[in-house]
Amino acid sequence: MSAQVEAEKTGATKPANFFVMQALFERTLEQAIEQKNIEPLLKEYSGIPNSEHDKRSPMDQAFREVLMKRVNDDVQLIGALVRLSVAAARAEIVVNTIPVVLLGDTFDVITLDKCEQIFTFVEELVEVWKEELFFASCKNNLLRMCNDLLRRLSRTQNTVFCGRILLFLSKFFPFSERSGLNIVSEFNLDNFTEYGLDSKEHDDIDNKELEDTAEDIPLKIDYDLYCKFWSLQDFFRNPNQCYNKAQWKMFQTHAETILQSFSSFKLEDARPSIDNHSNSDAAAQAMDVDLDNAAGEAGLTNIVIKAHHFFAKFLTNPKLLALQLSDSNFRRAVLVQFLILFQYLQVSVKFKNESYTLSSAQSEFIKKTEQRVFSLLEETPPSGRRFARTVQHMLQREEMWNNWKNDGCKEFKKPEQLDAIEDEAKPTPAKRAKRPLGDCLREAARNGKFYLGNDNLTRLWNYSPDNLQACKSEQRNFLPLLETYLETPHDKNDPAFEWRALRLLARQTPHFFTFVSQPSSKVSDYLDTVRKRLIREKELTKQVNTACAASEQNNGASASSTPGEQEHEAAVALQEIEPEQALEVEDTDTVVDVVDSDETPAHEKPLMVTKAHIDEITPLIGEPWMRVGKKIGFTNDEVLFFQMEHATPELACSKMLNNWISDDDDATLDNWAYMLEGLEMHKAAEAVKAIIEREKASIAAAQLTAQLQSAVEELSSNNDVEILSE
């Protein structure tokens with residue numbers, strides 16, 4: 001029934017009051033629950049002319065009243081009402097907290113058994129409570145509701161339900177929520193373990209009873225062992241007692257006794273019968289041997305499900321100790337407590353007292369005992385090795401959480417990942433506005449530079465204040481001297497070498513235009529003749545310069561002869577030695593004798609690295625060959641390519657250096673030795689220097705041999721001329 005019809009029946013022309021709207025909403029809510037749809041409720045809500053604030057309060061009350069009427073109904077109907085309230089909150093017709101308020105009202109008036117069933121809806125809607133719409137307004141209500149439930153529950157009898165509530169809170173609140181963290185690492189000191197009998201009542205009769213209960217166990221169980229066993233729980237409750245010397249001594253003695261008892265009394269694996277559980281047995285064996293076996297894992301899961309049991313706290317009756325020592329779950333619980341205690345004593349905890357430090361003897365005892373405990377866990381059936389590895393993994397994870405707490409419990413955030421579609425949808429960034437050309441020209445003029453609009457051209461034009469003078473610089477003269485180039489080792493018939501030699505000959509000396517007395521069709525023979533002539537000219541020039549220097553020192557000789565006469569005599573001597581030479585040598589002052597001079601000429605061609613040199617030096621470089629590659633200019637990718645293409649470092653280094661000498665004009669022995677010294681490869685650098693000395697000695701010997709051969713040829717040619725003249 002709509003609000004308008006109700007208004008006509010009541011004869012009201014003004015907005016309905018609170019109770020009228022509540023009655024209307026209750027009837028409509030019943031219809032919405034049956035239809036499992038919120039549309040009737042929205043239609044009724046929008047048909048009332050009251051304000052939003054006036055309508056929302058009766059709607060909230062209508063939900064609570066309907067819940068109280070249906071509280072004894074099926075659990076699924078209560079869950080449907082809660083989900084309907086979530087949809088109503090999203091439609092903004094009720095307050096955001098109304099779903100949690102309904103759950104709180106329900107838990108207040110029903111039994112604990114039914115609370116455990118309805119709490120399933122709270123767990124299923126955990127993602128809803130974490131939404132921005134509900135989290136801020138409902139988190140306090142949810143926390144209060146869970147705490148009220150925990151106060152009603154027993155930690156020993158309702159352990160599973162308590163665990164579900166705590167797990168829900170851990171999923172609902174973020175990791176960085178301070179209210180759910182034990183920031184200062186406090187221990188639950190109220191967790192006392194009561195055991196033992198009054199000392200006045202204890203006598204030999206009690207010892208006899210304990211021994212009678214352990215007839216089937218090959219272990220002597222007396223009251224002393226019983227007290228030592230349960231006294232360890234006080235150390236597990238408060239590990240800081242171990243930093244006290246007296247307490248530590250007692251813990252060490254008791255722990256040694258208990259572990260020795262476990263070692264002497266080993267449990268047997270209680271295998272199920274072959275007829276009924278052969279598959280499960282095989283799966284358990286497979287899992288204990290191979291953790292990666294999927295079939296074994298499935299089989300072990302079935303065994304665990306069948307043997308599902310859990311004890312929150314064990315009983316401490318003395319007569320039960322024999323049975324407890326025979327229980328693998330009980331033994332595992334005690335051994336894991338040892339490992340947790342040892343981990344706390346060794347790790348660094350932010351709020352631990354500075355005086356709490358272990359001595360070397362304590363650390364050594366913990367290390368040995370920890371290995372012993374893991375061995376006992378592996379020996380405890382069923383699947384001892386798997387269980388021991390699982391515990392070890394959990395302790396490693398616990399150490400990570402401890403480090404997180406030491407760092408201040410920083411909030412976890414997922415890394416931001418942009419999808420490719422979002423990247424394509426983004427608009428292209430706006431281009432940076434170019435600077436006006438006039439501003440660039442004016443700034444360059446103020447600095448005395450040129451601006452040509454192109455970076456490379458601008459750099460070249462501003463290389464030197466006077467570009468023409470920079471072009472004339474001696475550093476830009478890359479042509480070698482003719483004498484040096486002709487002495488370069490080369491193939492007998494190398495067209496490229498011959499062409500360059502002729503170009504240099506035409507540029508630097510007049511011999512290119514001189515007629516040769518014995519013409520030849522081969523350019524190599526012609527160049528060899530020119531080389532011999534240049535050597536003879538060099539020797540004659542040296543003799544003339546020596547004679548002139550001697551005449552200047554002799555005063556009488558200098559008075560009777562003039563410089564012009566000396567030059568005339570030198571020219572006559574040159575014509576006598578080479579009658580076929582028609583032109584004079586122009587620039588003889590710059591020629592220097594290579595063989596007789598003690599200093600190395602400035603124009604001498606440097607010694608280049610050859611393949612033979614590389615084969616000799618590569619074994620001395622060894623493993624650090626990649627450093628040499630980066631030093632001579634290869635990139636990381638190129639060095640990695642050489643490493644991947646060749647099996648050994650020696651082959652990779654040899655290939656890299658061969659590429660270097662083929663592409664780099666500066667691949668000289670001097671540069672190589674300098675680089676090796678800079679890389680502190682002294683052995684290889686000394687070997688390169690030895691090669692340099694050897695090459696220089698070889699060149700000097702070759703030049704001396706050539707000079708002697710020229711002198712012999714000259715003498716033989718002079719003798720031939722004399723014979724012909726006779």
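The values are calculated or read from the model by the stated rules, or taken from the named source; none is laboratory data. This is a predicted model, so every value here is computed, not measured. Don't worry about glycine lacking a Cβ; one is built from the backbone with ideal geometry, like all the others, and counts go over all protein chains shown. Only protein heavy atoms, including side chains, enter the accessible area calculation; ligands, DNA and RNA are left aside. Shrake-Rupley method; radii C 1.70, N 1.55, O 1.52, S 1.80 Å.
Which residues, counting only those in region 353-386, are farther than 19 Å from Q337 by Cβ and of a type in the set (V, I, T)? Once the filter is applied, which keeps residues that are farther than 19 Å from Q337 by Cβ and of a type in the set (V, I, T), region 353-386 yields only T357. Is it true that G79 is open to solvent by less than 50 Å² (accessible area, probe 1.4 Å), under 30 Å from F175 (Cα atoms) and modelled with pLDDT under 90? Considered against the rule, which asks whether it is open to solvent by less than 50 Å² (accessible area, probe 1.4 Å), under 30 Å from F175 (Cα atoms) and modelled with pLDDT under 90, G79 comes out as yes. Right, F63: in a helix (DSSP H, G or I), at pLDDT 85 or above and buried (at least 21 other Cβ atoms within 10 Å of the Cβ) or not? Here the answer is yes, as F63 does meet what is asked.
Taking (1) surrounded by 14 or more Cβ atoms within 10 Å (Cβ to Cβ); (2) modelled with pLDDT under 75 in turn, T509 satisfies each apart from (2). Scanning region 375-386 for residues that are open to solvent by 40 Å² or more (accessible area, probe 1.4 Å) and not in a loop (DSSP other than H, G, I, E, B) returns S375, E378, E379, R385, R386. Among the residues making up region 83-119, those that are without any contact (Cβ under 8 Å) to a residue 24 or more places away in the chain and hydroxyl-bearing (S, T, Y) are S85, T111.
Restricting attention to region 356-372, which residues are open to solvent by less than 40 Å² (accessible area, probe 1.4 Å) and either of a type in the set (S, T, Y) or over 35 Å from the mean Cα position of the chain (by Cα) (or both)?
The answer is Q362, F365, T369.
When the residues of region 637-667 are filtered to those that are part of a helix (DSSP H, G or I) and among the β-branched types (V, I, T), the one that is least open to solvent (accessible area, probe 1.4 Å) is V639. Taken over region 387-409, the residue count meeting the criterion of being open to solvent by less than 70 Å² (accessible area, probe 1.4 Å) and touching a Leu at 6+ places or on another chain (Cβ under 8 Å) is 6. Anything in region 10-60 that is among the polar types (S, T, N, Q), open to solvent by 80 Å² or more (accessible area, probe 1.4 Å) and within 18 Å of E92 (Cβ to Cβ)? List them, or say none. The answer is S46, and nothing else.
The residue that is nearest to G622 (Cα to Cα), among those in region 689-710 that are touching a helix residue (DSSP H, G or I) at 6+ places or on another chain (Cβ under 8 Å), open to solvent by less than 50 Å² (accessible area, probe 1.4 Å) and modelled with pLDDT under 85, is A706.
Here K220 fits the description: open to solvent by 60 Å² or more (accessible area, probe 1.4 Å), out of contact with any Leu (no Cβ under 8 Å at 6 or more places or on another chain) and at pLDDT 60 or above.
Kindly establish whether S154 is part of a helix (DSSP H, G or I) and surrounded by fewer than 15 Cβ atoms within 10 Å (Cβ to Cβ).
When the stated conditions are applied, S154 does not pass them.
Scanning region 668-677 for residues that are touching a strand residue (DSSP E or B) at 6+ places or on another chain (Cβ under 7 Å) and either open to solvent by 70 Å² or more (accessible area, probe 1.4 Å) or closer than 10 Å to I632 by Cα (or both) turns up nothing.
Residues in region 434-476 that are open to solvent by 70 Å² or more (accessible area, probe 1.4 Å) and over 51 Å from the mean Cα position of the chain (by Cα) were compared, and the one that is farthest from A506 (Cα to Cα) is D466. Comparison of F168, F187, F192, F173 shows that the only residue that is modelled with pLDDT of 90 or more and either of a type outside the set (S, T, Y) or within 18 Å of T106 (Cα to Cα) (or both) is F168. Residue count for region 316-355 satisfying the condition of being open to solvent by less than 40 Å² (accessible area, probe 1.4 Å) and either free of Cβ contacts under 8 Å to residues at least 24 places away in the same chain or not in a helix (DSSP H, G or I) (or both): 7.
Would you be able to tell me the number of residues in region 637-662 that are modelled with pLDDT of 80 or more, hydroxyl-bearing (S, T, Y) and farther than 12 Å from I614 by Cα? So the answer is 1.
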